[in-house]
Amino acid sequence: MVLFAGIASFWSVAPATAQYRTVDPPVTYGTPSLRDMDVGYVIPELYPGGGDSWDAWSSSFLKADGQAPKKPATTGDEDTDMENESDFSESYAKWASMYSAQSVMDGDPGTAWAEGAKGTGTGEVVVARISEPKGIGIMPGFQRNADLFGKNARPRRVRVWLLAAGRKDVGQYENFYYDVKALAFHDVDLADAMGWQALPLPAAVAPPTKMSGGYEGDPFTDWFVAVRILSVYPGSRWEDCCIAEIGPIE
């Protein structure tokens, strides 16, 4: 009994080992099958985990440009090196994903999703999570400044899908959404102008999302919107079609 108590005491005061995660950069730069979205189409899994997780959120996106973050030199201290490696993997993955769907949900009009297909981007799709299926807007084009707005293509007519998650797992770093199903769609014409524009959503109903982890709150549905480019306003320099933001309209 004394030995057991001593062991229990030892484990209760032993310092916890630091935990670090690494984030992998994008691999496929999109999921082309999203172009086949129709009523009943199901996205198996979505999670906003950075890096390769963004491959699932659009049919394509451009690879990063500019200077990549530099990997730090090793220090010889294991814990410090692990922390530095974790920080570097996150910053590199974020840089490599600069044109992914993360940019339509970051609240920064100076970033943008840029489709990565050949041509003007007709048929390309991007997905964004929304808190509720109303009051949603879109900032079409690359809105960092007027010059980039004009040089890149902007969506002119889009197909707007409303989707809902069937199940949600709450993770340590982010949430995982499963069986995200397309419920309804309609087409919307966009003005060729900077700033927010209303993005009307189609009407649809969905049951509450099933929750894991012993969730005891009120039931609710996790909603998503998908935007498919049907036609574009051509850019004066580049064919890439961009969308800066999708979210609550301001």
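Brief remarks on what is shown
- Distance in nm between pseudo-label sites at Arg167 and Glu45 (7 Å out along the Cβ direction from Cα): 1.1
- Dividing the mean sequence gap of close Cα pairs (under 8 Å, 6+ apart) by how many residues the chain holds gives a relative contact order of 25 percent.
- Volume per residue that the Cα convex hull of the chain spans, once the total is divided by residue count, Å³: 162
- Based on C-alpha pairs under 8 angstrom that are at least 6 apart in sequence, segment 153-250 has a relative contact order of 43 percent.
- Förster radius 41 Å - calculated FRET efficiency between Glu174 and Ser231, Cβ distance, rounded to 0.05: 0.75
- Gyration tensor (alpha-carbon) shape descriptor, segment 18-85, a/c threshold 1.5: oblate
- Total charge dipole magnitude, the chain, about the Cα centre, Cβ charges on Lys, Arg, Asp, Glu only, Debye to nearest 20: 860
- For segment 88-136, the list of trypsin sites (Lys or Arg not before Pro) that fall in a loop by DSSP and count at most 15 other C-beta atoms within 10 angstrom reads Lys118, Lys134.
- Computed lengthening from Thr75 to Phe88, 0.36 nm per intervening residue step minus Cα-Cα distance: 3.3 nm
- Neighbourhood charge, 11 Å Cβ-Cβ cut-off, centred on Met211 and excluding it, Lys, Arg +1 and Asp, Glu -1: -1
- Kirkwood hydrodynamic radius of segment 99-231, from the reciprocal of the average inverse Cα-Cα distance over all distinct pairs: 16.0 Å.
- Of Asn84, Ile229, Val127, farthest towards positive along the dipole that unit charges on Lys, Arg, Asp, Glu beta carbons give the chain: Ile229
- Only lysine pairs 8 or more places apart, or on different chains, with alpha-carbon atoms under 21 angstrom apart are counted in segment 60-150, and they number 5.
Values in this text are rule-based calculations from the coordinates and carry no lab data. Just so it is clear, the structure is predicted and the values come from calculations on it, not from any experiment. Every residue, glycine as well, gets a Cβ built from its backbone with ideal geometry; the counts of neighbours run over all protein chains shown.
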